[in-house]
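Everything on this sheet refers to the single structure shown next.
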Amino acid sequence: QVQLVESGGGLVQAGGSLRLSCVASGTIFSRDDLGWYRQAPGKERELVARMFSSGSTFYEDSVKGRFTISRDNAKNTAYLHMNSLKPEDTAVYYCYLGENAGSRIGVLDYWGQGTQVTVSS
């Protein structure tokens, strides 16, 4: 059973930085796609950044140049480095893992429990 445990959220002033971590277990981590999503109060969950098993990345426009997604396959850990934080970045951030379960099953989706990020102005 795949499990994801997030950490690193908190309260930070605008312009500050945070690093979110997501430790995965029960999967062959190096083969998995990773992602970070966020959900602000009253809004739908939205994609922030994705990293595919190939290493290619995708970022939502509002975080380009400020956020960086990375992975350490030896530690089964995904990271989201967030710089120049803005009040509009305030949300619950969720780690996502897409496990490649083979051609017959496809990709299985897993989510972390979420971690609160609050940016004060």
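The values are calculated or read from the model by the stated rules, or taken from the named source; none is laboratory data. Fair warning: this is a prediction, and the values are worked out from it, not measured in the lab. Don't worry about glycine lacking a Cβ; one is built from the backbone with ideal geometry, like all the others, and counts go over all protein chains shown. Ligands, DNA and RNA are stripped out before the accessible areas are found, and what is left, the full protein with its side chains, is counted by its heavy atoms. Shrake-Rupley method; radii C 1.70, N 1.55, O 1.52, S 1.80 Å.
Worth pointing out:
- The range 67-114, residues that are open to solvent by 20 Å² or more (accessible area, probe 1.4 Å), polar (S, T, N, Q) and touching a residue at least 24 places away in the same chain (Cβ under 8 Å): 73, 76, 83, 84, 90, 100, 113
- Selection from the range 59-71 of residues that are under 13 Å from the mean Cα position of the chain (by Cα) and more than 23 Å from residue 101 (Cβ to Cβ): 59, 60, 63, 67, 68, 70
- Qualifying residue in the range 35-53 (condition: at pLDDT below 95 and farther than 16 Å from residue 118 by Cα): yes
- Of all residues in the range 18-58, those satisfying the criterion of being polar (S, T, N, Q) and either open to solvent by 40 Å² or more (accessible area, probe 1.4 Å) or within 9 Å of the chain's Cα centre (by Cα) (or both) are 21, 25, 30, 39, 53, 54, 56, 57.
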